[in-house]
1. From largest to smallest, what semi-axes in whole angstrom does region A:283-362 give when each is the square root of 5 times an eigenvalue of its alpha carbon gyration tensor?
2. Measure of size requested: the Rg and Dmax of region A:1-143, with Cα atoms as the atom set and Å as the unit; please supply both.
3. How big is the shadow of the Cα convex hull of region A:243-298, averaged over all directions, in nm²?
4. Hey, quick one: spin label on B:Asp144, modelled 7 Å out along Cα-Cβ, who in region B:158-186 has an amide N within reach, i.e. under 16 Å?
5. For region A:1-147, report the accessible area per residue in Å² (1.4 Å probe, heavy atoms, rounded to an integer).
6. Among the helices of chain A (complete DSSP H runs), which have Cα atoms covering no less than 30 Å along the helix axis and a Kyte-Doolittle mean of at least 1.6?
7. Given the C-alpha atoms of region B:366-492, compute the convex hull and give its volume per residue in Å³.
8. Quick one: the Cα spread of region A:113-172 along its three principal axes, in angstroms, biggest first?
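The values are calculated or read from the model by the stated rules, or taken from the named source; none is laboratory data. Computed from a prediction, not measured in an experiment: that's the story for all the values here. Cβ atoms come from the backbone with ideal geometry, glycine included; neighbour counts cover every protein chain shown. What goes into the accessible areas is simple: the full protein's heavy atoms, side chains included, and nothing from ligands, DNA or RNA. Shrake-Rupley method; radii C 1.70, N 1.55, O 1.52, S 1.80 Å.
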Amino acid sequence: MHILGVATVLARRAAFLALALFIAVFLTGLILGATGYIDTIINSIIDEEVRAYRQALSSSPQKPPPDELNRLVEQRKQELIAYWGMDKPWQARIIPMILNTLILNLGRTPSPEVTNVAGLMPNSLISDIIATCLPRTIFMITLAEAIVILIALVVGPFVVYRIGSLIDRLIVAYAAVMNAFPIWWIALVMLLVFSYSFGVAPRQFRPVVTYINALLSGDITALTGVLNYVWLPIITIVVVLSGPWIYSVRAMLIRVVKEDFVTAAMARGLPEKQILRRYIIRPAASPIVTNVLLGLAGTLGGYIITESVFDWPGMGTLYYAAVTSGDAQTILALTYVFTLVYVIARFILEVLYVVLDPRVRL
Amino acid sequence: MSVLSKIYESWSWIRKEILSQVSGKVAFVLLIFLVVISVYAAFLMPPDYTKYWDVGSKWVDNPQNAPPEWASYLGYTCIPQTYYDLRSLKPAVSEASARIVFTYNITYTLEARDFPQGMRLKVYTTVPQGVRNARIRVDVIKPDGTRLPAIIDISIDLTNTSTISLTIDKLEGIVTAVMSAYRDLISVLRVEDISIFPMKYIFGNLSYSETLKKVETTPLPGRYVFVIDVSFRVFNVQPQEILRSVEKSKEFSLLIKGTCYGLMGTDYKGRDLAEGLFYGFPIALAIGLLVALASTAIGVVAGLVSGYYGGFIDESIQRTVDVMGSIPLLPILILVAQSIAKTYAGEDKPIIMLSAIFAVLIVFSWGGLAIIIRSMTLSIKSELYVEAAKAVGASNLRIISKHILPQLVPYIAASLVYSTPNAILTEAGLSVLGIKHGFPTWGNILADARQYGTISQWWWILPPGFLIALVSLTFVLLGLALEKVVEPRLRR
């Protein structure tokens, strides 16, 4: 009976999360189509090709007469229009693309900017491009976030017994200040200081690609090369995000610490560590796990702006390149992947809630 | 009335609570500072500020990419902007062959070992009837005694008009002047170098470098004299008359552009960053509050409706929040902004782009508050006094506004405060990314710095970020103080 109930709840959640996934991809397609963005992009591609074709024809040795030339150019234009599907309304082009994306048939990218971020050949498979860029984001942003979480999980419980002490106040003040500064701006300052003033960090971060590729193919010695590039971005993220993270872990713990059963445990004179383990961690676990999991899942999409500041060729830069070059296929694919990761994380959480919180099972 | 007074009561309680905390006090001081500056800037803001900032005619006089004047303490060689108002100076008057000549001797002292960025002579005046022709000629005498003759020599025909309107920043005569002053170097001087960098040849020491096989210029500090001859060919006009009209002219000035400027320096167009940052205050606060108010209002209404009425409405609002919470906001924002940037070409593009960005932000950011409001409404709704009110026949509207809403005020205030920096940060983030809307916000200044500047131009990059952070710090601190009001357990 209970198992069945839990299964129904989970199935319902799964259905809604899947709906969210569909809506995210459809919404993206709608924005691309309804604003006329993809049409603008495709039209400029067609115009460019037609212009090049006319140029080629009129500079060739067997230059056709003007009427014939115009006819050939017009014919080429019509071919291109048919090829790109511009003779159909945008809905007719976008909807198949969306459906293909949803069945993970991501296709190839026509955009050189996008393949350039990954460092692959033009017209590569979008799945290959994502597979190339994802490790770079993991090496920088996910790693940094993991460090931040570790710090928060150590420092949070430490200060929760010392609420109001000097160290606690300092941490709250630090969290407030760091909450106010956007990461990308601190990143700019870090670049200014470490790369340009002191010259101890690299100015260009793209070359990290070589080392990451080597590392992925099993060459452990490339690790120092990766570290050489990655330390500044990681420190930046850790410096900025630690404050808010410690603060939120602290806040989640405080809610539990103020509960009567903790006070009772303290009154019985139990040691701090034991109270923490037995009475605090368990009730505070589910919001903390939520934050950790969603935080880590969120990093896989890359921090678009921060990656752009460091010119770090990860998922964020990839998405931005897809958006600026108007590559609908890649934009849809990435939106799908970003949302999918998030939705999966949410679903894992739903399952974990059942495991962690016996009340849900009742 | 009683609802308002209840809300007011609630507000004064909140205020007392906030001011009893350190973070609250700091936030309050910062907030007052922001509001005062914003109101002041909003009053002074030129009409059509977007255009003023973008194509303002006054920027051409400023040095470009110039650090602030106080940068000299940081080791920058700073040449200040030097402006001479020639109207107030008494010229030497002489007459020769039907011409009246006014001679101004202007001394300029170059102290730093650097070249000024440029010079500009501006004349806007009306001369008396009978002046047929005017001629302006400028010579420079260098500290070493070298005289560059006629770096400016311009003649204005005044037979049909009596107005002179001139801005000279290109020194047409510089090549000939340098060639004639340095006859010994004439075979190695390069015309292009002189016309591209005239300042190096006016304010520099010239020497031929055997190794580089070209003329080298090094800054030559010292006393320079600019001899400005203004001569008029006249018919029946007294010198005094012309002098009076010159003194009354709208503009008659010589400007030696510096390499440092003002309090905050300039950007690549020579725009005064102090001005841009100053007028950015009201813009930042306005967009922050606007978006926060809108999303908070939607969140409150949705939460109240959801919690109070329940049933199908509740379910659909909850699921909508759920679905929207799973959609990645920043990618959607970037996509919307970029799509509009590429497809819309109207005059009002900055406003349209900003509105679209904010619309997306509002649509995606009311969910969190709606859920809190819903759960609070649910618990208040089941209180006995609400049931009593219902039993007496109070309408839903009355119950919501009299019993429920006043209790939610602290939460609403906290949400409002926390979400205010959102729009400012998002707008700035998108600008930094390179999606430019063109509206002169702090983010826009940062975007220009990223696009047209180098990262070492700290006076261009750091201040806008600091101000953005200052505004958000104000609201974060205020939020921290409010948080203790709404969550008493956080108190010691």
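1. After diagonalising the Cα gyration tensor, the semi-axes are 33, 14, 6 Å.
2. 22.4, 84
3. Computed as one quarter of the Cα hull surface, the answer is 4.0 nm².
4. Correct set: B:178-186.
5. Value for region A:1-147: 55 Å² per residue.
6. Numbers: long enough: A:2-34 (47 Å, 1.95); A:37-59 (33 Å, -0.07); A:222-257 (46 Å, 1.58); A:328-356 (41 Å, 1.90).
Helices passing the filter in chain A: A:2-34, A:328-356.
7. Working: hull volume 17.2 nm³, N = 127.
Per residue, the Cα convex hull of region B:366-492 comes to 135 Å³.
8. Over region A:113-172, Cα extents along the principal axes are 59, 16, 12 Å.
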